[in-house]
Amino acid sequence: RGHIFNMMDPARGPGWLPNLAEFAGRHLDFTQFVALQRQTNRGEYTVLCGDLPNLITTDSEMDIYSATAAAERTECLPAFLRRHGLATIYLQAAPITFMGKDEFLPNAGFSSVLDTKWFTKAYATSGWGVDDRAFFEQAGDLIVELEKAGDPWFLTLLTVGTHHPYLIPSEWKGRSKLGAFED
C-alpha cells in the first residue's frame, strides 16, 4: 500500500509531493481561491455553501446555518453532491467540536465527518491535532481507499500546520534557519 504523499524527492528536495501532483492532474482541484473572512469557519462556510459572507454580523454563518430549520437552508455543495450519489467526507486535524463544525458539517451534507480522533499516528501533536505530515499521509491512505471502492467521492481536508504555534515534527525543526513558520 503506497502513500499518495511522498515527502522527499531527491531531484526537487523536501516537501515535493509527486504522487499528489500526479493524482491532482486526474481530478478537479483548486490551488488558490479567495474567501474573504477573518476566521476559518467563516471562509469555509463561503467555500462549501457558495454564500458570500455577511461582514456585518458577529455571528458565524456556520452557527446561523445550523440554527436555521432544514427546510429554510440553502443547499451546500456537499449536500448537492451527496444527493447526486457521491460519498461526502470531511477530514480535519483538529477536534470537530471547535467552531460548531460538529453540527454544521452534517447539516451541510457531509455523510462522514472525521477529526483528530480518526488519526492513528502523529509525528507531533497539540491541542490543534496532528501535524500536517501525519495528516497528509493518512489522508492519502483514505484517498487510496476511496479510489479502490470505485464510487464517486468528494473529500474536504483541513490542516492545522499553518496555525500558531506551527506544529512541526522534530526532524523538520530548524531546517530553514528562519524560524517555526518557515520550517
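The values are calculated or read from the model by the stated rules, or taken from the named source; none is laboratory data. Just so it is clear, the model here is predicted, and its values are computed rather than measured. Cβ placement follows ideal geometry from the backbone for every residue including glycine, while neighbour counts extend to all protein chains displayed. Areas reflect the complete protein model, heavy atoms only, side chains present, ligands, DNA and RNA absent. Shrake-Rupley method; radii C 1.70, N 1.55, O 1.52, S 1.80 Å.
Overview of results
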| read-out | value |
| --- | --- |
| Qualifying residues in region 48-88 (those that are part of a loop (DSSP other than H, G, I, E, B) and of a type in the set (A, V, I, L, M)) - the one modelled with the lowest pLDDT | L55 |
| Residue check, L178 in a loop (DSSP other than H, G, I, E, B) and either small (G, A, S) or at negative phi (or both) | yes |
| Any chance I96 is open to solvent by less than 70 Å² (accessible area, probe 1.4 Å) and in a helix (DSSP H, G or I) | no |
| Sole exception among (1) touching an Asp or Glu at 6+ places or on another chain (Cβ under 8 Å); (2) at pLDDT 80 or above; (3) loosely packed, with under 13 Cβ neighbours inside 10 Å for R1, by number | (2) |
| Count of residues meeting criterion [part of a loop (DSSP other than H, G, I, E, B) and either open to solvent by 50 Å² or more (accessible area, probe 1.4 Å) or among the hydrophobic types (A, V, I, L, M, F, W, C) (or both)] in region 144-160 | 4 |
| Residue check, L91 under 22 Å from S60 (Cα atoms) and open to solvent by less than 70 Å² (accessible area, probe 1.4 Å) | yes |
| Test result for L155, touching a helix residue (DSSP H, G or I) at 6+ places or on another chain (Cβ under 9 Å), closer than 25 Å to G43 by Cα and in contact (Cβ under 8 Å) with a residue 60 or more places away in the chain | yes |
| Region 125-136 residues that are under 16 Å from T40 (Cβ atoms) and open to solvent by less than 40 Å² (accessible area, probe 1.4 Å), paired with ones that are assigned to a strand (DSSP E or B) and among the small types (G, A, S) (beta carbon under 9 Å, 6 or more apart) | F135/G129 |
| Considering residues of region 28-47 that are under 23 Å from G100 (Cβ atoms) and of a type in the set (V, I, T) only, the residue modelled with the lowest pLDDT | T40 |
| Leading residue by the ranking (surrounded by the most Cβ atoms within 10 Å (Cβ to Cβ)) among those in region 59-86 that are touching a Pro at 6+ places or on another chain (Cβ under 7 Å) and more than 10 Å from Y45 (Cβ to Cβ) | L86 |
| Test: residue in region 110-119 that is touching a helix residue (DSSP H, G or I) at 6+ places or on another chain (Cβ under 8 Å), assigned to a helix (DSSP H, G or I), open to solvent by less than 60 Å² (accessible area, probe 1.4 Å) and aliphatic (A, V, I, L, M) | no |
| When residues of region 161-171 are limited to those that are touching a residue at least 24 places away in the same chain (Cβ under 8 Å) and surrounded by 14 or more Cβ atoms within 10 Å (Cβ to Cβ), the one nearest to T88 (Cα to Cα) | G161 |
